[in-house]
Amino acid sequence: MSEKNTFKVRKSWDTAILALLLAVWVLASFTTDNFLSSINVSQIFSNSSEIMIMGFAMVFLIITGEIDLSIASILALSSAMLGWSYAAGAPIWLSILIAMAVGTACGFVNGFLVTKLGLGSLAVTIGALALYRGIANGILGTETVNEFPEFWTTWGFDTIGTTFIPQTLPVIIIFGLFFGLLLHNTAFGRRTLAIGQSPEAARFAGINVTRHKIIVFTFTGFMSGVAGVIYTFRFSTAQADNGIGLELLVISACLLGGVSIFGGVGTMWGVVAGVLLASSVESWLTLQEINAQWRTIVTGILLLISVAAPVLVDKYKRARATAANKG
Amino acid sequence: MASLFKKRVFGREASLGVILIFSIGITGFINPRFVTGDGTRDLLSATAIVALLAIGMAPVMIMRHIDLSIASTVGFSAWLVADFCAKNPSFTWVQCFLIGGAVGIAVGVINGLLVAGLRLPSLVVTLGTLYIVRGGVYVVSNSVDYNAQEMPPSLLSLGQRTFAGLLPFPFLMVLILMVIVGWYMKYTKAGRDCYAIGSNPPAADLVGLKVFRRTFLAYIFCGFIAGISGVFYLMRFAQVDSTAFYGQELAVVAAAVIGGIGLLGGAGTAVGVVIGALLVQTIQGALAALGVDAFWKSAINGLLLIVAIYADRILARRTEKALLAQRIKERV
């Protein structure tokens with residue numbers, strides 16, 4: 001009973017987050033002059049592009065009950081590979097392919113360690129976090145590569161024509177549609193949710209849980225590779241400490257968007273709302289000229305709210321139900 | 001069964017110890033300075049903070065929880081202590097430890113209430129407090145740094161003191177804490193409860209163990225040690241800024257896991273954890289002696305951690321099999 005209730009609360013959570021997002025937008029546009037100005041909206045989108053891209057794949061992973069803390073390190077490693085191979089004379093298209101391939105390979109390795117060797121994903125990806133970041137460090141050292149073809153760096157940070165739409169946004173939307181449809185409209189998505197609800201039952205229902213999880217880990221690695229490419233071009237730099245700490249932002253955005261850390265529950269639009277909420281609040285704080293350092297605290301509080309709120313709402317509802325029964 | 005359990009636990013520390021001596025031997029062979037008095041003192045004082053934190057985290061991890069906020073707490077405590085000392089030149093090391101401990105306990109209470117009270121997943125909660133506490137350092141510090149001249153001389157001289165020619169003061173504290181925690185976890189009811197809770201949390205609830213109290217107190221202890229470690233941070237580095245000890249929580253988790261505390265809880269000892277921390281530091285020293293670029297340090301740490309987790313997994317499987325075989329034999 002109680003589990004069902006929590007489940008229900010979690011299900012309606014993404015709607016609540018969407019409402020909260022709209023509320024933030026309304027509040028922010030009243031309290032600041034240029035929150036909804038085209039430059040600022042464009043900033044909100046482009047600042048959250050890597051988080052969004054990694055979030056698309058991370059949803060699947062968290063729904064299956066696993067986690068990957070190494071995504072930001074994969075981002076750094078693919079960014080380092082992009083810079084290193086381009087500086088070594090490879091054509092840019094090849095470097096981009098290498099970067100994405102490295103990301104995919106890292107994701108596959110994580111999946112292999114977790115499923116085939118049966119190691120806990122939390123522990124292993126903490127190790128992988130240090131490992132991949134360390135390899136990026138080993139390859140680039142303190143060097144930075146910032147000579148990239150203008151075509152690509154323009155793509156990274158410029159907008160389409162005179163509109164506010166960042167040039168990277170169409171790519172993000174395509175990925176979002178792909179993963180959204182994959183989660184909500186295909187057998188693959190149903191299987192993901194089934195595994196999260198009960199891995200045992202999923203296995204007895206004939207789902208190849210091991211293979212499924214490896215695929216999801218590999219997706220996450222691939223998307224982190226893509227995020228690495230976009231990050232590199234957005235800032236026109238490849239260096240080893242690119243995107244440090246981003247994994248926590250991605251996870252908190254997912255949880256904020258109603259994905260349950262216990263697995264089995266989550267929607268794609270909830271995650272999109274979660275990412276945009278975090279990035280909008282950040283932008284709002286910046287425009288209010290609130291010390292940038294408060295953002296770290298706000299992220300932490302949002303994360304705590306996202307796990308505590310469903311539990312508290314459920315407790316409150318149950319207490320009310322018992323009171324009603326007695327009365 | 002009891003003897004088998006004992007054998008496994010003892011076996012773990014013994015084999016870790018052998019690996020440690022072996023790696024110290026190899027490192028000493030490549031770089032003779034490593035095994036001299038100076039080298040030993042360096043090794044011990046470099047290990048002290050991580051070892052302290054890993055001992056503090058041991059009860060939490062034994063109960064199948066985790067505390068990722070410790071590194072932020074170390075930074076917060078170190079900065080606040082330095083700030084208080086800069087404003088009150090009369091402070092000595094006593095006040096430093098009082099302030100540091102209080103800061104740590106405050107963070108521990110928050111974590112404990114959320115994890116033990118509301119039963120929220122500890123990973124997410126402490127990830128949240130990691131942010132909040134680090135954000136707190138950023139906000140209060142306002143980019144102000146402190147150096148040795150603002151710190152009480154009594155604190156810095158305490159950090160310099162060595163015992164028996166080899167034992168730096170911080171590491172002496174590690175040893176004392178190791179003995180206390182090791183004894184407590186092994187011989188008191190509360191300590192045994194922790195192992196029981198970690199082995200099977202739902203069962204611990206059903207048999208009526210005080211899960212809330214044990215978990216809550218473990219988080220307070222962990223926070224307290226993190227706060228104290230902030231003072232040891234000042235002792236060692238004699239300077240602090242808002243990014244002090246950033247991201248080091250993973251090094252602590254690594255030391256604990258390598259030292260035999262499984263992430264699934266219910267196993268591990270304080271002695272193992274200290275050996276684990278020493279081992280990580282020794283291997284770093286060995287790599288430096290071999291002339292491996294410092295840039296690869298983190299990669300090798302990560303690889304070590306993954307190997308340790310894998311070794312742990314194999315050991316656990318073997319024990320499981322042995323237990324099963326024994327049970328079958330007893331039936332027959």
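The values are calculated or read from the model by the stated rules, or taken from the named source; none is laboratory data. No experiment lies behind these values; they were computed from the predicted model shown. Quick reminder, even Gly has a Cβ in these numbers, built from the backbone with ideal geometry, and neighbours come from all protein chains shown.
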Report summary line: Taking the range B:127-152 and keeping only residues that are more than 10 Å from chain A (Cβ to nearest Cβ) and either of a type in the set (A, V, I, L, M) or not in a loop (DSSP other than H, G, I, E, B) (or both), one is left with B:Val144, B:Tyr146, B:Ala148, B:Gln149, B:Glu150, B:Met151
Requested in this report: Looking for whichever is in contact with a Cys (Cβ under 6 Å, 6 or more places away or on another chain) and either more than 14 Å from chain B (Cβ to nearest Cβ) or surrounded by fewer than 23 Cβ atoms within 10 Å (Cβ to Cβ) (or both) here; the options are A:Gly221, A:Gly225. Which one fits?
Outcome: A:Gly221
Query raised in the report: Looking at (1) modelled with pLDDT of 85 or more; (2) facing another protein chain (nearest Cβ under 10 Å), can you tell me which one A:Gly264 breaks?
Result: (2)
Query raised in the report: Which members of the range B:168-191 meet the condition of being under 30 Å from B:Asp38 (Cα atoms), part of a helix (DSSP H, G or I) and not aliphatic (A, V, I, L, M)?
Result: B:Phe169, B:Pro170, B:Phe171, B:Gly182
**Report entry** Residue satisfying condition, being part of a helix (DSSP H, G or I) and touching a Lys or Arg at 6+ places or on another chain (Cβ under 8 Å), within set A:Gly180, A:Gly156
**Finding:** A:Gly156
Report task. Give the range A:248-261 a look and list any residue that's closer than 16 Å to A:Leu69 by Cβ and either of a type in the set (Phe, Trp, Tyr) or more than 10 Å from chain B (Cβ to nearest Cβ) (or both), or say none. Result -> A:Val250, A:Ala253, A:Cys254, A:Val259
Query raised in the report: What pairs come up if the first residue lies in the range B:45-69 and is within 20 Å of B:Leu234 (Cβ to Cβ), the second is acidic (Asp, Glu), and their beta carbons are under 9 Å apart, counting only those six or more places apart or on different chains?
Result: B:Leu53/B:Glu249; B:Gly56/B:Asp67; B:Ser69/B:Glu249
Query raised in the report: Considering the range B:197-229 alone, what residues qualify as being touching a residue at least 24 places away in the same chain (Cβ under 8 Å) and aliphatic (A, V, I, L, M)?
Result: B:Ile197, B:Val211, B:Leu217, B:Ala218, B:Ile220, B:Ile225, B:Ala226, B:Ile228
Query - All positions within the range A:137-158 that are surrounded by fewer than 18 Cβ atoms within 10 Å (Cβ to Cβ), under 22 Å from A:Gln43 (Cα atoms) and polar (S, T, N, Q) - result: A:Asn146, A:Thr154
Query - Lone unmet requirement of (1) in contact with a Phe, Trp or Tyr (Cβ under 8 Å, 6 or more places away or on another chain); (2) surrounded by 24 or more Cβ atoms within 10 Å (Cβ to Cβ) for B:Leu278 - result: (1)
Query raised in the report: Before we move on, is A:Ile290 more than 8 Å from every other protein chain (Cβ to nearest Cβ), more than 17 Å from A:Asp68 (Cβ to Cβ) and part of a helix (DSSP H, G or I)?
Result: no
Query raised in the report: Do the conditions hold for A:Ala309, that is, is it closer than 17 Å to A:Thr15 by Cα and surrounded by fewer than 18 Cβ atoms within 10 Å (Cβ to Cβ)?
Result: yes
Report task. Inspect all residues belonging to the range A:311-325 and state whether any of them is of a type in the set (Phe, Trp, Tyr), in contact (Cβ under 8 Å) with a residue 12 or more places away in the chain and either within 14 Å of chain B (Cβ to nearest Cβ) or farther than 22 Å from B:Leu130 by Cα (or both). Result -> no
**Report entry** Matching residues, the range A:193-202, being of a type outside the set (A, V, I, L, M) and surrounded by 15 or more Cβ atoms within 10 Å (Cβ to Cβ)
**Finding:** A:Gly196, A:Gln197, A:Pro199
**Report entry** Failed criterion for B:Ile110 (all others in (1) surrounded by 16 or more Cβ atoms within 10 Å (Cβ to Cβ); (2) within 14 Å of chain A (Cβ to nearest Cβ); (3) in contact (Cβ under 8 Å) with a residue 40 or more places away in the chain hold)
**Finding:** (3)
Report task. Hey, can you tell me all the residues within the range B:117-161 that are free of Cβ contacts under 8 Å to residues at least 60 places away in the same chain and among the basic types (Lys, Arg)? Result -> B:Arg119, B:Arg161
Query - When residues of the range B:306-332 are limited to those that are touching a Leu at 6+ places or on another chain (Cβ under 8 Å) and either at the interface with chain A (Cβ under 8 Å from one of its Cβ atoms) or not in a helix (DSSP H, G or I) (or both), the one farthest from A:Asp241 (Cα to Cα) - result: B:Arg313
Query raised in the report: In the range B:191-220, which residue that is over 20 Å from B:Tyr131 (Cα atoms) and of a type in the set (Phe, Trp, Tyr) is farthest from the chain's Cα centre (by Cα)?
Result: B:Phe212
Query raised in the report: Of all residues in the range B:132-153, which are of a type in the set (A, V, I, L, M, F, W, C) and within 15 Å of B:Phe245 (Cβ to Cβ)?
Result: B:Val133, B:Val137
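Residue-wise test of (1) outside any helix (DSSP H, G or I); (2) surrounded by fewer than 17 Cβ atoms within 10 Å (Cβ to Cβ); (3) more than 12 Å from chain A (Cβ to nearest Cβ).
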{"residue": "B:Ala58", "(1), (2), (3)": "no, no, yes"}
{"residue": "B:Ile66", "(1), (2), (3)": "yes, no, no"}
{"residue": "B:Phe91", "(1), (2), (3)": "yes, no, yes"}
{"residue": "B:Leu98", "(1), (2), (3)": "no, yes, yes"}
{"residue": "B:Gly101", "(1), (2), (3)": "no, no, yes"}
{"residue": "B:Gly104", "(1), (2), (3)": "no, no, yes"}
{"residue": "B:Leu123", "(1), (2), (3)": "no, no, no"}
Query - helices (runs of 4 or more DSSP H) contained entirely in the range B:192-300, each with at least 1 residues that are farther than 24 Å from A:Leu140 by Cα and within 14 Å of another protein chain (Cβ to nearest Cβ) - result: B:201-206, B:249-258, B:270-289
Query raised in the report: Taking A:Gly243 and the conditions (1) surrounded by 18 or more Cβ atoms within 10 Å (Cβ to Cβ); (2) part of a helix (DSSP H, G or I); (3) in contact (Cβ under 8 Å) with a residue 12 or more places away in the chain, which numbered condition does it fall short on, given that it satisfies the others?
Result: (2)
Query raised in the report: With B:Ala86, B:Ala71 as the choices, which residue is more than 14 Å from B:Glu249 (Cα to Cα) and touching a Phe, Trp or Tyr at 6+ places or on another chain (Cβ under 8 Å)?
Result: B:Ala86
Report task. Name the helices (runs of 4 or more DSSP H) wholly inside the range A:24-142 in which the number of residues that are hydrophobic (A, V, I, L, M, F, W, C) and away from chain B (no Cβ under 14 Å) is 3 or more. Result -> A:38-47, A:49-63, A:71-87, A:92-111
Report task. Sort through A:Ile230, A:Ile207, A:Ile173 and tell me the only one that's loosely packed, with under 15 Cβ neighbours inside 10 Å and of a type outside the set (Asp, Glu). Result -> A:Ile173
